[in-house]
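Report on the following structure.
The values are calculated or read from the model by the stated rules, or taken from the named source; none is laboratory data. Remember, it's a predicted structure, so these values are computed and weren't measured experimentally. Quick reminder, even Gly has a Cβ in these numbers, built from the backbone with ideal geometry, and neighbours come from all protein chains shown. SASA here: full protein model, heavy atoms, side chains in, ligands and nucleic acids out. Shrake-Rupley method; radii C 1.70, N 1.55, O 1.52, S 1.80 Å.
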Amino acid sequence: MTRTNLAKTLREPAELVAADLAPATALPALERVAARYAVAITPALAELIDTSDPDDPIARQFVPSAAEMQMQPGESADPIGDHPHSPVSGIVHRYPDRVLFKLVHVCAVYCRFCFRREMVGPGKESALSDSAYRAAIDYIRAHSEIWEVILTGGDPLMLSPRRISEIMADLAGIDHVKIIRLHTRVPVADPGRISDDMVAALKVEGATTWVALHANHARELTDTAREACARLVDAGIPMVSQSVLLRGVNDNIAALSDLMRAFVECRIKPYYLHHGDLAPGTAHLRTTLAHGQELMRELRGRVSGLCQPDYVIDIPGGAGKSPVGPNYVLAAQNTAADAGDAVTETRYRIVDYCGDVHLYPPEN
């Protein structure tokens, strides 16, 4: 749809009202939200919002809500525990063979469920200082167990191609760094940033580049977004997906199936479906874990194996990710392998995608 006032990124509640993305009556409440949490909706995403639908799944992701000021028990400014695992500024070293490298604290668009929402946006530090950047590079160089560096933030593709190229060269110059992964929303939020110069900046001698795209609804993968992703894949840069399970966005089997199929159509392998983190003011967007498991069970029987992500939860406090998909293996029993053999083997009860139970190995 075409509406006025969508030629630039919308950052103020009054701009959202002028663009028909929020009612004028909500302005005071939205201003209170915007005073605490960053707001930005790019033209590419604003154009996707159906203003006639009060439950539009794109709007739910990006248009602020008064519900964000309602805190729930267990919510935290650092819900996945980055801080305890940050040995130097910008680095999170939670797993032995990889680190997060948080280069910037700005994004093209600000998700209302962001787990780093207390750390990004206006009024926060926008990027690492030169000295902090050098200290982070020195840390990576000093730890030979680091095989993969994950560029995140914020969104690393908010940096210029020139700066991206410098960072890629610095990392690829470290002998033990073999994989550089970038987590980004830019191909859907601002597809024009994926220029030939940006694609060239991402390719580097000495390390393999991967790009993880964050999208939560199939409508985000517009023709222009698909073209941006194609420029990356055609250049030899493999892509995987990241999504968050969100109430009213993708928490039904039709929407989830459409999203995963759209990724695969774009040559993007579904990777993670995250359970919503306990970020402050996000309870209205979280589902239950049981509902997520049921959706994953339905997805297994409904769509191709290419379309299956891992459903994971980041354990609060910094213990890391854990797969939390449905369990298809029920209680086991031991049985003799044959009448003349004292050795026993385990026989399992396996549940198929329809819910039927089968013995494995089968009975003779």
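GNM on the chain, alpha-carbon springs under 10 angstrom: the most fluctuating residue among Met71, Met239, Met119 is Met71. Of the solvent-accessible surface of the chain, computed with a 1.4 Å probe over protein heavy atoms with every protein chain present, carbon and sulfur atoms account for 53 percent.
Taken over the range 67-211, the ratio of Cα radius of gyration to 2.2 N^0.38 Å equals 1.06. With angles folded into 0 to 90 degrees, how steeply does helix 161-172 sit against the dominant principal axis of the chain? Use alpha carbons for both and round to 10. Orientation of helix 161-172: about 40 degrees from the principal axis.
For the chain, what does the relative contact order come out to in percent, with C-alpha contacts under 8 Å and a separation of six or more? So the answer I get is 14 percent.
For a quick check, take a GNM of the chain with Cα springs below 10 Å and name the residue from Gly301, Gly281, Gly90 with the largest mean-square fluctuation. In this elastic network of the chain, the residue with the biggest mean-square fluctuation among Gly301, Gly281, Gly90 is Gly301.
Note on Ala18/Ser126: beta-carbon distance plugged into 1/(1 + (r/R0)^6) with R0 of 22 Å gives a FRET efficiency of 0.25.
Among Ala40, Ala254, Ala189, the largest mean-square fluctuation in a Gaussian network model of the chain, built with springs joining Cα atoms closer than 10 Å, belongs to Ala254.
Taking 0.36 nm per residue of separation and subtracting the Cα-Cα distance, full extension of the segment from Tyr360 to Thr25 would add 114.5 nm.
Here, the chain has an Rg and a Dmax of 22.4, 82 Å when only alpha carbons are counted. The charge dipole of the range 157-266, taken about its Cα centre with unit charges on the Cβ of Lys, Arg, Asp and Glu (plus for the first two, minus for the last two), comes to roughly 220 debye. Summing Cβ point charges (Lys, Arg +1; Asp, Glu -1) relative to the Cα centre of the chain gives a dipole of roughly 500 debye.
Note on the range 69-189: with charges restricted to the Cβ of Lys and Arg (+1) and Asp and Glu (-1), its dipole about the Cα centre is near 320 debye. Taking amide H positions as modeled 1.01 Å from N, with prolines and chain starts lacking one, the residues under 5 Å from Gly320 and 5 or more places away or on another chain are Ile315.
Remark: the range 251-260, residue by residue, has Karplus-estimated 3J(HN,Hα) of 8, 9, 5, 5, 5, 5, 5, 4, 5, 5 Hz, where x stands for each Gly or Pro and the curve is 6.51 cos²θ - 1.76 cosθ + 1.60 at θ = phi - 60°. Computed with a 1.4 Å probe over protein heavy atoms only, the accessible surface of the chain comes to 45 Å² per residue. Cα convex hull, the range 220-317: 114 Å³ per residue, rounded to a whole number. When Rg and the Kirkwood Rh are both derived from Cα coordinates, the Rg/Rh ratio for the range 77-146 amounts to 0.98.
Positive end of the dipole of the range 150-281 (Cβ unit charges, origin at the Cα centre): among Val199, Ile150, Gly276, the Cα lying farthest that way belongs to Gly276.
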